[in-house]
Amino acid sequence: MTLYRSWLPADAIARGLRDLPLRAAVRGWSAKWFAQGGADVSGDHGHVAPRDLESGIAWSLDDGLMLVVDDDTPLAVAALMFGAPPEADAPTAADRAALEDAAGTCLADLRARLGEAVGLHQPWRPVTGNAAPHAWWKFRVATGARAMLWIVVSEALVARCVRAGLPPAPSRAAPRSLDAALDVQSVGVSARVGAARLTTSEVAALGVGDLLVLDTALADPARIAVNHRPQPLGCTIDQHDERLRLVVL
């Protein structure tokens, strides 16, 4: 699985980890299966180190959720289910098989509750070896001071849960096409009759009645300008209803 870099800032990831509904799932599971209850998420989250998954039994969902238990966890779970202390006399092989089978059903229910809590509905699969890369986080599930198992989540899953909890974006009208948007834009159209080049002193000396000779001949068309930018269009200028008009050539 590739390294995931979250689009969320670090404080948002921390809040997302605290807001994951794991504690409610574990408490509901504990209340259903254990005579005295007592299993809960203990302490805060922490980074997963490679050694965390080197031993024990693990199950995983592809979208970033794992459950890791120690080798003796099934018997500890069975002891809580039936009210026997974990340090009781060693069971026979048949008793051990029956207890592990009951504990397996119990742990399967926990996996289903965890997947439901974070919105994942995939089948769990067993994992062997150290399968968690960087940017994964762990939660310790314990009864009192005794650690029972670990819930491990990827940062990608945390980001997904944060995103799912965000309010919906306000609905907006679909953007109009470019042609429709340009239809209502106003532009200034003018005619460039011609130009003359003068020095600063000549401009300062201009007076009423002086003549300026432009660079456009009388027979040449005037150039059309849009927003003061000349365009490759010519026009003639004449009079219509006491106003000047441009006739595009």
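Here, each number is a calculation from the coordinates, and none is a lab measurement. Computed from a predicted structure; not experimentally measured. All Cβ positions, even for glycine, are placed from backbone atoms using ideal geometry, and neighbour counts span all protein chains on display.
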#### Entry: Filtered residues of region 201-249 (kept if polar (S, T, N, Q), loosely packed, with under 11 Cβ neighbours inside 10 Å and more than 56 Å from the chain's Cα centre (by Cα))
201, 239
### Query
Considering region 182-238 alone, what residues qualify as being charged (D, E, K, R), under 26 Å from residue 248 (Cα atoms) and part of a loop (DSSP other than H, G, I, E, B)?
215, 220
#### Entry: Residues (in a helix (DSSP H, G or I), hydrophobic (A, V, I, L, M, F, W, C) and in contact (Cβ under 8 Å) with a residue 60 or more places away in the chain) located in region 135-178
156, 157, 158, 159, 161, 162
### Query
Does residue 190 satisfy being within 19 Å of residue 20 (Cα to Cα) and hydroxyl-bearing (Ser, Thr, Tyr)?
no
